[in-house]
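A short write-up of the structure that comes next.
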Protein chains: 2
Amino acid sequence: MGDSARLDRRRLLTAGLAAGGAALATRAIGAGSEPAITEIQDWNRYLGEGVQSRPYGIPSEFEANVVRRDVEWLTASTESSVNFTPLQDLDGIITPNGLCFERHHAGIAEIDPAQQRLMINGLVDTPLVFTMEDLKRFPRENRIYFLECAANSGMEWRGSQLNGCQYTHGMVHCVMYTGVPLKTILQEAGIKTNAKWVMPEGADSSAMTRSIPLDKALDDCLVAFKMNGEALRPEQGYPLRLVVPGWEGNMWVKWLRRLEVGDMPWHQREETAKYTDLLANGKARRFTWVMDVKSVITSPSPQAPVTHGKGPLVISGLAWSGKGRIKRVDVTTDGGRNWKTARIDGPSLPKALHRFYLDIDWDGSDLLLQSRAIDEAGFVQPTKNELRLARGENSIYHNNGIQTWHVKADGAVENVEVS
Amino acid sequence: MGDSARLDRRRLLTAGLAAGGAALATRAIGAGSEPAITEIQDWNRYLGEGVQSRPYGIPSEFEANVVRRDVEWLTASTESSVNFTPLQDLDGIITPNGLCFERHHAGIAEIDPAQQRLMINGLVDTPLVFTMEDLKRFPRENRIYFLECAANSGMEWRGSQLNGCQYTHGMVHCVMYTGVPLKTILQEAGIKTNAKWVMPEGADSSAMTRSIPLDKALDDCLVAFKMNGEALRPEQGYPLRLVVPGWEGNMWVKWLRRLEVGDMPWHQREETAKYTDLLANGKARRFTWVMDVKSVITSPSPQAPVTHGKGPLVISGLAWSGKGRIKRVDVTTDGGRNWKTARIDGPSLPKALHRFYLDIDWDGSDLLLQSRAIDEAGFVQPTKNELRLARGENSIYHNNGIQTWHVKADGAVENVEVS
């Protein structure tokens, strides 16, 4: 930015500081003089806890509100339910393992990795059963991918329902996976020439099963045993899950115990009664696997209001696409009349979250904030109304519409729609 | 790899499977037939725990041995001590926050972020004091960096001391930081023309202080408040730490409360009595900030022996350099007579950990495993003896020598040196 813009920003920030209140006034701050710190804080005076007070560390007690949250009225039981990643409290593109949203169909299977087996059967030359140790003898890959539930933002089809990006967009997370390419495992068994589909099956009592085209299985899928460096968390499929980059989370079968190879899809419950999109004409879209280009502003947002008044304001958000990298994110502060290109910061990796920022000087007036992502395949995130025109309002899944936050003069933020 | 090599590997793996023991024999595995699973595991029969059983997740109980560990005899108190990242259990390049090694000089300061202040004083136009909220109004960056303690591998100067890469190399971790460029903060205060150095000061009762050249401060340093997406962990400086990419960890001041700008270094205790390298001639190297190119094989290693017998074996390790990206890693299995280029997998980012693999067919004979990293600046990791010739054996810090693991026929691994 130019010198005058920077100076203007500095002036505004100084104004913000002055408005910061009594705490700052106890410190004498003047140009060219040494600030006098008169208080000695407790933490300067005493030794703190030593190493090994926690061999496995946990967050500060001051961060106790940064947790996954559920919506109690949404599901009849916690075993077949969902909770949400607190996107409003996070930054960057990595989700810490303890905050990755959960979606279970029969609760968290508690699997002893020594007893875990992965079977490959069906249209293969040699059916095989692998132990965890066997799997760790194949060449491995490390990839950062987002995982989004197909139902993320599902409650927004019929209008603004929930006040917070944790609830509207929190069924997404992004970690580094370590695993063996699914292709390697399938080729180890030998794929018969008439094979066209692969069905992963979970070892929980829902025995989650989905049909995956062989082309995708041989492309970039992983049989993964690590997330962010350590073993998968129990709620993410410990000790083994399928990674299906860019495709809906339901296909990333957790507690993976079997891979069947076949020549036709299996038409399982989770790809017929569920995870299909009922259109206005009574027909349903099926096999809508790819998660389309999408974005959301995570701060400010209803759970992350503006508390510092006018002046410099960091608008921060996430963008992602199942088709590859994000090419550009535009942000509007006036409900779509004017758009500015946001700054994407951090690694730009295919099928991974991207972090974007727009740094503005807020004049304190109402804002209608929206973000609009464009992926490298050229797809542009649609408005919610464009989606409704195309697909009606019966859908639950695949809502990638543009989200609007209304920032009010007092800094409070609400989930709204603009026509 | 070619078809014949792949077939050979498959043959070896099948042999490995057959040797896998009784558990596999309960399943009828034959070419072309469907395996019969006769057992139903408990986890198939019952609902597991539901969502929100843990709003902030933790690892599986089966991973209870994947923890930071200390060496009790190493330090007199836990408040001025260190523990070590369990590198042997990890993969990829991201360290989960709960497993990042700790190094404290006066224990973990417990800081209320609402009370936290960052002061900028000294040779600046306008001394300033920032709250955490103030800092979050400046434009942010997200970067993945390794952090290595200067004393990492320090006990190896006089020969192999500790049996495990957790202890020999575990004072390193790698996370994504989110923060404000230090340059932005300094420019906000206005840097006087005679300024040449910056001194960060910690708010713990050790009041950690180091001298950093202004050039580095204006280059890639960050004032960071997030790691892997969430707030810094208490033991990593919550709520604010300095990030000094590629430079020794002691300079990454935790619980950051003050930045003083000056025209000379301050010659603090931690850059005179400590964190200097006493040479054989009685002189000491000072201001040895950059962490040189380094690597280590994390598996197999003493705490990660080979348990599956001969056949396919994944050799996995980490490489890093304070000078930028890793260009190549070579691995030898015979103590340095023959070297093969390892496969670097995952993102290759400057001043970040790199994950490498060499996938071999182990014939079951003794191995002398070593890795040798080369960075993009052209520096080659030296042997320990080359280091000793150059610097004597009085040093504690900056040991980036090549590590040797002796893999025995029974799969056990020992820390050894080869002449």
Just for segment B:355-384: of the residues that are closer than 25 Å to B:M176 by Cα and at the interface with another protein chain (Cβ under 10 Å from one of its Cβ atoms), which one is surrounded by the most Cβ atoms within 10 Å (Cβ to Cβ)? B:R355
Output the number of the condition that B:K283 fails; it satisfies all remaining conditions of (1) among the charged types (D, E, K, R); (2) buried (at least 19 other Cβ atoms within 10 Å of the Cβ); (3) free of Cβ contacts under 8 Å to residues at least 60 places away in the same chain. (2)
Can you tell me how many residues within segment A:214-239 are within 13 Å of chain B (Cβ to nearest Cβ) and closer than 24 Å to A:A195 by Cα? 2
Could you check A:L162 against (1) surrounded by fewer than 21 Cβ atoms within 10 Å (Cβ to Cβ); (2) within 14 Å of another protein chain (Cβ to nearest Cβ); (3) not charged (D, E, K, R) and say which number it fails? (2)
Yes/no for B:V180 being more than 8 Å from every other protein chain (Cβ to nearest Cβ), touching a Phe, Trp or Tyr at 6+ places or on another chain (Cβ under 7 Å), crowded, with 21+ Cβ neighbours inside 10 Å and more than 25 Å from B:T288 (Cα to Cα): yes
Across segment A:121-137, what is the number of residues that are among the charged types (D, E, K, R) and more than 8 Å from chain B (Cβ to nearest Cβ)? 0
Which of the residues spanning segment A:366-419 are of a type in the set (V, I, T), out of contact with any Ser or Thr (no Cβ under 7 Å at 6 or more places or on another chain) and either under 30 Å from A:T272 (Cβ atoms) or not in a strand (DSSP E or B) (or both)? A:T383, A:I396
Answer residue from segment A:176-193, given it is over 28 Å from the mean Cα position of the chain (by Cα) and either in contact (Cβ under 8 Å) with a residue 60 or more places away in the chain or not assigned by TED's automatic domain parsing to the domain that holds A:L118 (or both) and is farthest from A:F130 (Cα to Cα) among those: A:K192
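Do you know which residues across segment A:280-304 are within 12 Å of another protein chain (Cβ to nearest Cβ) and in a loop (DSSP other than H, G, I, E, B)?
Selection gives A:P300 alone.
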Report, by residue number, each residue of segment B:207-219 that is at negative phi, touching an Asp or Glu at 6+ places or on another chain (Cβ under 9 Å) and not basic (K, R). B:M208, B:T209, B:S211
So B:S316, is it hydroxyl-bearing (S, T, Y) and in contact with a Phe, Trp or Tyr (Cβ under 6 Å, 6 or more places away or on another chain): yes
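Could you grab me the full set of residues in segment A:65-112 that are of a type in the set (F, W, Y) and at pLDDT 95 or above?
Residues of segment A:65-112 of a type in the set (F, W, Y): A:73, A:84, A:101.
The answer is A:F84, A:F101.
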From the residues in segment B:306-327 that are in a strand (DSSP E or B) and under 22 Å from B:T168 (Cα atoms), which one is farthest from the chain's Cα centre (by Cα)? B:V314
Would you confirm whether any residue within segment B:233-241 is among the hydroxyl-bearing types (S, T, Y), closer than 22 Å to A:Q41 by Cβ and surrounded by 23 or more Cβ atoms within 10 Å (Cβ to Cβ)? yes
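Conditions tested, residue by residue: (1) modelled with pLDDT under 95; (2) surrounded by 20 or more Cβ atoms within 10 Å (Cβ to Cβ).
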{"site": "A:I144", "(1), (2)": "no, yes"}
{"site": "A:M155", "(1), (2)": "yes, no"}
{"site": "A:V172", "(1), (2)": "no, yes"}
{"site": "A:I185", "(1), (2)": "no, yes"}
{"site": "A:N194", "(1), (2)": "no, no"}
{"site": "A:D215", "(1), (2)": "no, no"}
{"site": "A:C221", "(1), (2)": "no, yes"}
{"site": "A:F225", "(1), (2)": "no, yes"}
Test: B:G57 is touching a Leu at 6+ places or on another chain (Cβ under 9 Å) and facing chain A (nearest Cβ under 7 Å): yes
Residue ID - surrounded by the fewest Cβ atoms within 10 Å (Cβ to Cβ), chosen from residues in segment A:60-99 that are in contact with a strand residue (DSSP E or B) (Cβ under 6 Å, 6 or more places away or on another chain), β-branched (V, I, T) and more than 7 Å from chain B (Cβ to nearest Cβ): A:T75
Selected residue [farther than 30 Å from B:A195 by Cα and either in contact with a strand residue (DSSP E or B) (Cβ under 6 Å, 6 or more places away or on another chain) or within 14 Å of another protein chain (Cβ to nearest Cβ) (or both)] from B:T307, B:T276: B:T307
Considering segment A:258-273, residues that are touching a residue at least 60 places away in the same chain (Cβ under 8 Å) and either among the hydroxyl-bearing types (S, T, Y) or within 14 Å of chain B (Cβ to nearest Cβ) (or both), and then whichever is farthest from A:D89 (Cα to Cα), we arrive at A:G262
Residue hits (segment B:75-107; outside any loop (DSSP other than H, G, I, E, B) and without any contact (Cβ under 8 Å) to a residue 24 or more places away in the chain) are B:S81
Search segment B:116-144 for residues that are free of Cβ contacts under 8 Å to residues at least 12 places away in the same chain and pair each with any residue that is part of a strand (DSSP E or B) when their beta-carbon atoms are under 6 Å apart and the residues are at least 6 apart or on different chains. B:R137/A:P312
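The values are calculated or read from the model by the stated rules, or taken from the named source; none is laboratory data. Note that the structure is a prediction, hence the values are computed from the model and not measured. Cβ atoms come from the backbone with ideal geometry, glycine included; neighbour counts cover every protein chain shown.
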